[in-house]
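Notes follow once the structure below has been shown.
No value in this document is a laboratory result; all are computed from the given coordinates. Quantities reported herein were computed from a predicted structural model and do not represent experimental measurements. Reconstructed Cβ throughout: ideal geometry from the backbone, glycine too, with neighbour counts over all protein chains shown.
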Amino acid sequence: MNRYAFCRPSNIALGLGLALLAFSGPASAADEAALIESLRTASERFEDVKVALAEGYIADPSGMCVTAEMEGQPAEKGDMGIHYFRPDLLGITGTSPRVSGTGTHTDFEKPGVLVYEPQADGSMTLVAVENLVFEKGWKEAGNTAPPSFNGHTYATMIDDPSTPADEAHGFEPHYELHAWVFRDNPNGAFEPFNPKVTCKHAPASNHQH
């Protein structure tokens, strides 16, 4: 993609439209469908995971395929998948014992995280884009409320060490919001889990409950 393509009038208009949606209340069904389509267009090149890797995304070091059950949620909510993220956009500072960072990136036109569903043949199918903001960095930037997009507030993810589940799937306390732009989600386009996504084809060691 031409690095200056976003400067064209049509793309400027799209960018302004997304900015307005980001700071407004919940959009109508038609507006939200149009937004999902625009986000799909912006990220469709990542349907080839090799393109994602070439642009700096890396697989979650844990390799886990995240499910609702793994995070202490009802299994019927569905799964997420395997996360690939851009360390620079997330401001990653470490990966052990948990992934930590300082980033405050929230641009869904350039998502910090890509979510893939593992397939039986070992390939990866892109199902969602996501932005993840570490709580510490977000608060240090002067924010007092979680980030939001298009009227949807990011979920607050903090692990509870007193439970067997990992409520933050290996990350330090953070905010996250998924946009299911490549797989319809009956729960809602911006909900965390999708019953139409499965981790059943992930390697056994990476499919945790």
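Could you tell me what % of all Cα pairs in segment 50-133 have separations over 22 Å? Across segment 50-133, Cα pairs with separations above 22 Å total 27 percent.
3J(HN,Hα) along segment 59-64, derived from phi through the Karplus expression 6.51 cos²θ - 1.76 cosθ + 1.60 where θ = phi - 60°, amounts to 5, 3, x, 6, x, 6 Hz, with x in place of Gly and Pro. Of all aspartates and glutamates in the structure, those lying under 15 Å Cα to Cα from residue 110, and not within fewer than 8 positions of it along the same chain, are 37, 44, 47, 55, 88, 130, 176.
Sorted from longest to shortest, the spans of the Cα atoms of segment 121-209 along the three principal axes equal 46, 33, 20 Å. Other residues within the sphere of radius under 11 Å centred on the Cβ of residue 65, judged by their own Cβ, net out at -2 (K and R +1, D and E -1). Applying the Karplus relation 6.51 cos²θ - 1.76 cosθ + 1.60 with θ = phi - 60° to segment 107-118 yields 3J(HN,Hα) values of 7, 6, 6, 9, x, x, 9, 10, 10, 10, 9, x Hz, where x marks Gly and Pro. Applying a threshold of 27 Å to the alpha-carbon distances of 139/196; 50/136; 50/77; 50/196 flags 139/196; 50/136; 50/77 as lying beyond it.
On the principal axes of its alpha-carbon atoms, segment 103-146 has extents of 46, 19, 14 Å, going from largest to smallest. For residue 67, the residues 5 or more places off, or on other chains, whose built amide H falls under 5 Å of its own are 80.
Using C-alpha pairs under 8 Å with a sequence gap of at least 6, the mean separation divided by the residue count of segment 95-209 gives a relative contact order of 25 percent. Between residue 162 and residue 51, the simple label model (points 7 Å from Cα in the Cβ direction) yields a spacing of 4.7 nm.
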